Structures are given as C-alpha cells and as structure tokens.
Amino acid sequence: MEADGLVRRRRMTAETTGNDSGVAGASAGAEIRWLRGRFWGVSESIVGSLTPRIGGETELQTVDFVSSAQDAETEDTEPDYEGLPQGASTSTHMLAGAVAGIMEHCLMFPIDCVKTRMQSLQPDPAARYRNVMDALYRIVATEGVWRPMRGLNVTAVGAGPAHALYFASYEKLKKTLSDVIHPGANSHLANGVAGCVATLLHDAVMNPAEVVKQRMQMYNSPYRGVLDCVRAVWQKEGSAAFYRSYTTQLTMNVPFQALHFMTYEYLQELLNPHRQYNPSSHMLSGALAGAIAAAATTPLDVCKTLLNTQESLTLSPLSSGQGQGARRHISGLAHAFRTVYRLGGLQGFFKGVQARIIYQMPSTAISWSVYEFFKYGLTKHQHNKRKTQYVEAEI
C-alpha cells in the first residue's frame, strides 16, 4: 500500500530504536510496527484490518506523514463505524443488510421448514412431530436430505433486496428521528418507529417469496419447483394470492420489529455502551431480541402461515355441507383468527412456538453480527481510502 511506502520513507529519515519489534496481525496482510515508540498498523485488506474491538466514540484525526523527526508525535485513530461518511452510508447499509439477510435465511432455512410444518392446523398423520429435532430427523429420513431446503432459492432472491431496503431505511430513519426526538442521544421511540417503517418496505418485497416458500415447505407439496409454484398460484388464485397475507404479515412484523429493534438497542446500551465493534455483544443482543419478539408474535405468525399455505385439509371441513358459493380461500386476518380458534383453540395460536424461537434466536444473532461486521469493514475501507487520498494531496 502507499501508506506502507510512506512509513518506510519516514524510517529512512528518522532513527528508530533498536528494540522495536513487528507483531503479526490477525491476517496475513496485517503488519504492525513500532515507530518512535508509537504503535502503527497497516492492513492490506478489509477483513484483515478487523480487530476484536474498536472504539466507536473517537474522531478521525489527521496525521502529518511528511513531518520531520522533531515534529510532535501524532496518533492515527480508528474510524467511527456508527457514523458513516456522508454519501456512502446508504450504499454501505444496503450492501451490509443484503448480505446479512441472505445469510440469516439460508443458514437457518431447515428450521424454518420445520416451523412451517409444525404450524399446520390439521397435519397429515405422517407430518405430526414431537419437537424440532424429531421433525428434522423424520423429514430427512422419509423425504430425503434436501427436502428441508426446498424453497431456499426463492427465499435468497427475495431476502437480498428486502433486507437491503430494511437496514438502509432503518439506519436513516433512526438517525433522523433521534436527532428530532432526543438530539445527541439514542431514542427508543425513534428506534421503534424506524423499525416499523423499515418493515413496510421489507414485507412488500418479501411477501411473494414467503408465499412460494411456505407452499413448497408443506408436507406432500404438489409443486415441482419455484416456477411451477408461481405459475400454479397465479393461474388458480390470481396475483392477489401473493399478497393475501401482506396485511397480516405487517400486523405481525410491525410489533415484532419494533420490539426487536428496541430490545436490541436497549441491550446494546447495557452490554456495549460505547458502541464499539464487539461481535459477542451483537450476537447476544440479537439472539435475545429475536427470542422475545418471536414468542410475543407467534399467534400472528400462525395466522400468516395459514393464509400463505391455504391448507387443503383445513379448508375441506370448513366448506363441507356448504353450497357451491362457499368461500374457497381463507382471506383476511379476522377469518384466519376464527379458523385457528375453531380448529385448535387457544393452544392453536402457539403451534410451532418452540421452532419459531429456535429459528429466530440464531437468525437475528447471525443477521446483526454479519451486518455490523460488514458495516465496520466497509467503513474501515472508506477510512483507509480517504487517508490515502489525504496523504497524496499533502505530498
């Protein structure tokens, strides 16, 4: 790197101490030297520059690289990854959010398949499971090792843009509203409102993918693949079928995300008050926030699954004895609530709660950890680029 060359040139003009030693960094590209009693690190890659913990409160300081040996010694501080440079922050948040969303959904997809099946109100006798592990074992043993992964491709396609909009809008609104509601400090109200608005954009993109995914996850799903499912739903139920559960999903996700973001930010204040890059605090805060929000919104998730899957075994008894004009589809949150209560009682609203919590805890932990990791890595890259540009301008 150019900065590395500047360090070597300065070492030619100033006498170094004899006992200075180089220390190997976390990656092959990192090289740390002692120069005139000061610690100086140079990283050759974004990932190689990541350290376990960096301060989030420091300001970017300007270093005079061409000063003489008699100049006062200065220190190069790390960038504040919580305050991204203007003009690049939105793209950074979108890229970090897209990667986080895809990894979150893909890594935990088998548990999501189990959750969908366990929320079935009238499952086939062969699809009645005791717990999550029993479900996974029986699905793999009877239907094949790849069966829990059906629908993964459409989920990945939807998760990228959905989470890009989700995190970018959340970060922008959180900062804007916090400056209005509680200038200079974190506002839980701003976090909650930002999470709700971000959910509107996320679900608008993700809802069609959810419909296709859950229909392919059901036991004895009749669809050969994603395109076959899309074509069949479009021809038999119309385009509205892809958004039949949208209002229900919003009714679920708005309180879910509000509770999720408020809990995450609150736990960050307790575990990571200086807002440093600290993977363990991001993972723990994300996992606990996801578990609490998932448990509280399970009844709405059961209704959403019913609206998305339109279980044939559930609809049959509801329409038996009725005329030709009987309603063929479950439509609307109120209709779904009545159906769940009629077939499962109050207990029916918490079908699959164990699987939902087991799915959400690592999912939100992964999402926040990956998001914060990439946000910090991209910000550090921008910091190094600006530092290099400044050095070139000074020379």
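The values are calculated or read from the model by the stated rules, or taken from the named source; none is laboratory data. As the structure is a computational prediction, the values presented were derived from the model and not from experiment. As a convention, Cβ positions derive from the backbone with ideal geometry for all residues, glycine included, and neighbour counts pool all protein chains shown.
Determine whether Lys375 is modelled with pLDDT under 80, of a type in the set (D, E, K, R), within 30 Å of Glu265 (Cβ to Cβ) and crowded, with 18+ Cβ neighbours inside 10 Å.
Working: modelled with pLDDT under 80: yes; of a type in the set (D, E, K, R): yes; within 30 Å of Glu265 (Cβ to Cβ): yes; crowded, with 18+ Cβ neighbours inside 10 Å: yes.
Here the answer is yes, as Lys375 does meet what is asked.
Do you know which residues across the stretch 356-395 are among the polar types (S, T, N, Q) and under 24 Å from the mean Cα position of the chain (by Cα)? Talk me through it step by step, then tell me what you get.
Filtering the stretch 356-395 down to residues among the polar types (S, T, N, Q) leaves 360, 363-364, 367, 369, 379, 382, 384, 388-389.
Once the filter is applied, which keeps residues that are among the polar types (S, T, N, Q) and under 24 Å from the mean Cα position of the chain (by Cα), the stretch 356-395 yields Gln360, Ser363, Thr364, Ser367, Ser369, Thr379, Gln382.
For residues in the stretch 181-214 being over 15 Å from Gln257 (Cβ atoms) and among the hydrophobic types (A, V, I, L, M, F, W, C), which is surrounded by the most Cβ atoms within 10 Å (Cβ to Cβ)?
Here the residue is Val211.
Is there a residue being of a type in the set (Ser, Thr, Tyr), buried (at least 18 other Cβ atoms within 10 Å of the Cβ), closer than 30 Å to Arg338 by Cα and within 19 Å of the chain's Cα centre (by Cα) anywhere in the stretch 126-144? So that I can check it myself, show each step before the final result.
Of the residues in the stretch 126-144, the ones of a type in the set (Ser, Thr, Tyr) are 129, 137, 142.
Filter once more, so that each one left must be buried (at least 18 other Cβ atoms within 10 Å of the Cβ): 129.
Checking which are closer than 30 Å to Arg338 by Cα leaves us with 129.
Then keep just the ones that are within 19 Å of the chain's Cα centre (by Cα); that gives none.
Within the stretch 126-144 (the criterion being of a type in the set (Ser, Thr, Tyr), buried (at least 18 other Cβ atoms within 10 Å of the Cβ), closer than 30 Å to Arg338 by Cα and within 19 Å of the chain's Cα centre (by Cα)), the answer is no, since none of the residues qualifies.
Quick one: count up the residues across the stretch 104-142 that are assigned to a helix (DSSP H, G or I), under 19 Å from Gly345 (Cα atoms) and not charged (D, E, K, R).
The qualifying residues number 2.
Tally time: how many residues in the stretch 175-201 are in a helix (DSSP H, G or I) and either more than 14 Å from His93 (Cβ to Cβ) or touching a residue at least 60 places away in the same chain (Cβ under 8 Å) (or both)? Write out each step before concluding.
So the first thing to find is which residues in the stretch 175-201 are in a helix (DSSP H, G or I), and the list is 175-181, 188-201.
Subset that is either more than 14 Å from His93 (Cβ to Cβ) or touching a residue at least 60 places away in the same chain (Cβ under 8 Å) (or both): 177-181, 188-197, 199-200.
Matching residues across the stretch 175-201 total 17.
So which pairs qualify, if the first residue must be in the stretch 236-253 and free of Cβ contacts under 8 Å to residues at least 40 places away in the same chain and of a type in the set (A, V, I, L, M, F, W, C), the second must be surrounded by fewer than 19 Cβ atoms within 10 Å (Cβ to Cβ) and part of a helix (DSSP H, G or I), the Cβ gap must be under 7 Å, and the two must be at least 6 apart or on different chains?
Note: pairs meeting the criteria are Phe242/Pro208.
Residue-by-condition table, conditions (1) under 25 Å from Gln122 (Cβ atoms); (2) modelled with pLDDT of 90 or more; (3) assigned by TED's automatic domain parsing to the domain that holds Ala336:
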position	(1), (2), (3)
Glu171	no, no, yes
Ile181	no, no, yes
Ala204	no, yes, yes
Tyr223	yes, yes, yes
Val233	yes, yes, yes
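In this structure, does Ser320 turn out to be out of contact with any helix residue (DSSP H, G or I) (no Cβ under 7 Å at 6 or more places or on another chain), farther than 24 Å from Met206 by Cα, modelled with pLDDT under 90 and not acidic (Asp, Glu)?
On the way: out of contact with any helix residue (DSSP H, G or I) (no Cβ under 7 Å at 6 or more places or on another chain): yes; farther than 24 Å from Met206 by Cα: yes; modelled with pLDDT under 90: yes; not acidic (Asp, Glu): yes.
In short, yes.
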